[in-house]
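Novice: So that we are looking at the same thing, I have put the structure below in structure tokens.
The values are calculated or read from the model by the stated rules, or taken from the named source; none is laboratory data. What you see is a predicted model; the values in this text were computed from it and never measured. For neighbour counting, all protein chains shown are included, and Cβ atoms are generated from backbone atoms with ideal geometry for every residue, glycine included. Note: areas computed on protein heavy atoms with side chains; ligands, DNA, RNA excluded. Shrake-Rupley method; radii C 1.70, N 1.55, O 1.52, S 1.80 Å.
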Amino acid sequence: MRLFTIVIGSLALAACGKPSPNGESGNAAAVAADASAEAGGVLDRSQKGKPAPDVAFKDPDGEDVTLAEFEGKPLLVNLWASWCVPCVKELPTLDALARTADATGLKIIAVSQDMAPQPSVVAFLAKHKIATLEPYHDPAMRLSGGLNAQILPTSILFDAAGNEVWRYVGDRDWTATDAATLLAEGGAKGR
């Protein structure tokens, strides 16, 4: 139990607490107790099999979209924000992974949790040369609330039927070999 406390405490320092719409931050206690430690974050399988929530967020055109619209292929959902240093560090590796999406059958969406208008998300991605990931946006944080994601970044893998496989809380290098192994659990083919 002491090791788990140390891991969670380290994660809290390495990841960003998600602000609620009233500006308060989330806390590391929301991470499931049976999560296993990984380099840079925590892999949590406690929600395995749970269907994706039916909540709307904004697509790149500013229209409402839900996770159900992505069913049919494995989906990696990354929740991030421009003010979250680990999120910004992780984005280039997600962008590189997204460039291989057609070859693997995996769809990747990075959903900004910034409360600012969507054009600011577009500008942020352009400034950081994130060219493949599209500017999905959740200014009301309905998706992160529906997923009970309290820490950013959080990445959640869904299988083709829209059921959660695992979630990774914290940043990681999504181009690493071990990431490909994790992503294959959702049914994505190897790179």
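Novice: How many residues does the stretch 73-85 contain that are assigned to a strand (DSSP E or B) and surrounded by fewer than 18 Cβ atoms within 10 Å (Cβ to Cβ)?
Specialist: So the first thing to find is which residues in the stretch 73-85 are assigned to a strand (DSSP E or B), and the list is 75-80.
From the residues that got through so far, the ones that are surrounded by fewer than 18 Cβ atoms within 10 Å (Cβ to Cβ) too are none.
Here the count works out to 0.
Novice: Can you confirm whether I130 is at pLDDT 95 or above, touching a Pro at 6+ places or on another chain (Cβ under 8 Å) and not basic (K, R)?
Specialist: When the stated conditions are applied, I130 passes them.
Novice: Within the stretch 157-191, work out how many residues are open to solvent by 20 Å² or more (accessible area, probe 1.4 Å), within 24 Å of P60 (Cα to Cα) and aliphatic (A, V, I, L, M).
Specialist: 2
Novice: Counting only residues that are of a type outside the set (F, W, Y), touching a strand residue (DSSP E or B) at 6+ places or on another chain (Cβ under 7 Å) and in contact (Cβ under 8 Å) with a residue 60 or more places away in the chain, give me the helices (runs of 4 or more DSSP H) lying completely in the stretch 89-191 with at least 1 of them.
Specialist: In the stretch 89-191, the matching helices (runs of 4 or more DSSP H) lie at 118-127, 142-146, 177-184.
Novice: I need a count of the residues in the stretch 105-140 that are among the acidic types (D, E) and open to solvent by 20 Å² or more (accessible area, probe 1.4 Å).
Specialist: 1
Novice: Name, by its number, the condition in (1) open to solvent by less than 50 Å² (accessible area, probe 1.4 Å); (2) in contact with a Pro (Cβ under 9 Å, 6 or more places away or on another chain); (3) part of a loop (DSSP other than H, G, I, E, B) that does not hold for V55.
Specialist: Exception for V55: condition (2).
Conditions (1) more than 21 Å from A188 (Cβ to Cβ); (2) of a type in the set (V, I, T); (3) open to solvent by 60 Å² or more (accessible area, probe 1.4 Å), marked per residue:
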position: D61; (1), (2), (3): yes, no, yes
position: C87; (1), (2), (3): yes, no, no
position: D95; (1), (2), (3): no, no, no
position: S155; (1), (2), (3): no, no, no
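Novice: Looking only at the stretch 36-52, filter to residues that are modelled with pLDDT under 95 and part of a loop (DSSP other than H, G, I, E, B); which one of those is surrounded by the most Cβ atoms within 10 Å (Cβ to Cβ)?
Specialist: G40
Novice: Could you tell me whether the stretch 86-105 includes any residue that is modelled with pLDDT of 95 or more and either over 16 Å from the mean Cα position of the chain (by Cα) or farther than 22 Å from W166 by Cα (or both)?
Specialist: For the stretch 86-105, residues modelled with pLDDT of 95 or more and either over 16 Å from the mean Cα position of the chain (by Cα) or farther than 22 Å from W166 by Cα (or both): absent.
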